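K.L.:
Mind having a look at this structure? Questions to follow.
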Amino acid sequence: MNGLTGKRTGVGAIFVLGVMPRSGTNYLYDLLALHPDCAPARAPIWEDFFLQHADLLMAYTAAVRRRWDPDWGSLSDDLPDRLHEALGDGLVSFLCDSRGGRLLTKTPSVRNVDHFFTLFPRARLLVLLRDGRSVVQSCMSTFGLDFDTAARRWARAADEVRRFDERHRDRGLAYRLVRYEELLDDLEKSLAGILDFLDLDRHAFDFEAAARLPVRGSSVHRGAGRTAVHWKPVERDASFDPRARWRAWPPALHQRFDWIAGGQLRHFGYEQSPPATVDARRAAWQHVLDWRWQATRAARLVGSRLRG
């Protein structure tokens, strides 16, 4: 449904959730924004983060429900669902501006994704995955995260997507898992499938413009004269290869990533490289590294509290 009515009630709103920052959320969002029936969220709300704190909304509605007096009469079982949906409609309405079309919004996080269809039962959801090694390398280059922290964050987020998918894959809900690498491998085929899923007319989409889409936010491909990550468009060239940056890792980092997040990596169809073999000695060393990371993290938390 297009137009103001559809936007104000959340019908057909399109949400893009990246598994975590640096997973290509901007890229998929920019691609979909090329479709004439998509209406990006009102400026300057470039990332909505509605689900990030949805647990607070769930606590709120539970508290409200407890105050409804049974003596008022029969309370239908679907009232809590209707309350959640009304809150979701309000959030969608907040993001809409005066333009027609279907709301398009994004967030680089999957925290609380399990609450998505509680709040937005008539929306469409795209969950964007990316090779965890690429995400880790980009997080280190962009945000200065240490290796272990970035890998653990990706593993936790991948686990949340896995649990969501396992709970809901047979319920007929309107969500789709998308791998960033599939967009790189065959953009037109991948986009055509996504457009069909979103009920967007593929014949109205400019695939040539999609192929020419500039890069935004790359941790490496920043444009001439720029030394820091930014989100201004940069024309891509032959040097742009967002899949190759982790391949220069030494074997120790490959083994470390596999220890932290190898299971999640394989679950979503990514091949480990090089193949990891963990004997008792190597496992013991990984446990030592775990302890070091936990000790460092604890020391940082104590230091920040003392400074605060």
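K.L.:
Whether any residue in region 122-129 is over 18 Å from the mean Cα position of the chain (by Cα), over 24 Å from Gly263 (Cβ atoms), touching a residue at least 40 places away in the same chain (Cβ under 8 Å) and not in a helix (DSSP H, G or I) is what I want to check.
P.N.:
Scanning region 122-129 turns up at least one residue that is over 18 Å from the mean Cα position of the chain (by Cα), over 24 Å from Gly263 (Cβ atoms), touching a residue at least 40 places away in the same chain (Cβ under 8 Å) and not in a helix (DSSP H, G or I).
K.L.:
Can you tell me how many residues in region 258-271 are surrounded by 17 or more Cβ atoms within 10 Å (Cβ to Cβ) and either closer than 23 Å to Phe164 by Cβ or among the basic types (Lys, Arg) (or both)?
P.N.:
7
K.L.:
Find the residue count for region 85-106, including only residues that are assigned to a helix (DSSP H, G or I) and over 11 Å from Ile45 (Cα atoms).
P.N.:
9
K.L.:
Right, something else. Pull out all pairs, ordered by first then second residue, where Cβ-Cβ is under 6 Å, the residues are six or more apart or on different chains, the first lies in region 204-219 and is over 17 Å from Asp241 (Cβ atoms) and modelled with pLDDT under 90, and the second is among the small types (Gly, Ala, Ser) and assigned to a helix (DSSP H, G or I).
P.N.:
none
K.L.:
Hey, another quick one. State whether the residues of region 137-153 include one that is surrounded by 15 or more Cβ atoms within 10 Å (Cβ to Cβ), basic (Lys, Arg), in a helix (DSSP H, G or I) and under 15 Å from the mean Cα position of the chain (by Cα).
P.N.:
The answer is yes, given that some residue of region 137-153 is surrounded by 15 or more Cβ atoms within 10 Å (Cβ to Cβ), basic (Lys, Arg), in a helix (DSSP H, G or I) and under 15 Å from the mean Cα position of the chain (by Cα).
K.L.:
Being surrounded by fewer than 18 Cβ atoms within 10 Å (Cβ to Cβ) and under 20 Å from Tyr270 (Cβ atoms) is the requirement here; does Asp165 meet it?
P.N.:
Spelling it out, Asp165 is indeed surrounded by fewer than 18 Cβ atoms within 10 Å (Cβ to Cβ) and under 20 Å from Tyr270 (Cβ atoms).
K.L.:
Moving on. Which of the residues that make up region 38-78 are surrounded by 10 or more Cβ atoms within 10 Å (Cβ to Cβ) and of a type in the set (Gly, Ala, Ser)?
P.N.:
Ala39, Ala41, Ala54, Ala59, Ala62
K.L.:
Answer yes or no as to whether Arg222 is surrounded by 16 or more Cβ atoms within 10 Å (Cβ to Cβ), modelled with pLDDT of 95 or more and in contact with a strand residue (DSSP E or B) (Cβ under 8 Å, 6 or more places away or on another chain).
P.N.:
Criteria not met by Arg222.
K.L.:
Considering only residues that are over 30 Å from the mean Cα position of the chain (by Cα) and assigned to a loop (DSSP other than H, G, I, E, B), which ones fall in region 260-303?
P.N.:
Selection gives Thr277, Val278, Asp279.
K.L.:
May I pose another question? With (1) at pLDDT below 95; (2) over 28 Å from Pro251 (Cα atoms); (3) not acidic (Asp, Glu) as the list, and Tyr175 as the residue in question, which single condition is left unmet?
P.N.:
If we test Tyr175 against (1) at pLDDT below 95; (2) over 28 Å from Pro251 (Cα atoms); (3) not acidic (Asp, Glu), just (1) comes out false.
K.L.:
Next question, about the same structure. Among the listed residues Arg99, Arg111, Arg133, identify the single one that is modelled with pLDDT under 95, basic (Lys, Arg) and farther than 24 Å from Gly193 by Cα.
P.N.:
None of the others qualify; the one that does is Arg99.
The values are calculated or read from the model by the stated rules, or taken from the named source; none is laboratory data. Bear in mind that the values here come from a model prediction, so they are computed numbers and not experimental data. Methodologically, a virtual Cβ is constructed for each residue, glycine included, from the backbone with ideal geometry; neighbour enumeration extends over all protein chains shown.
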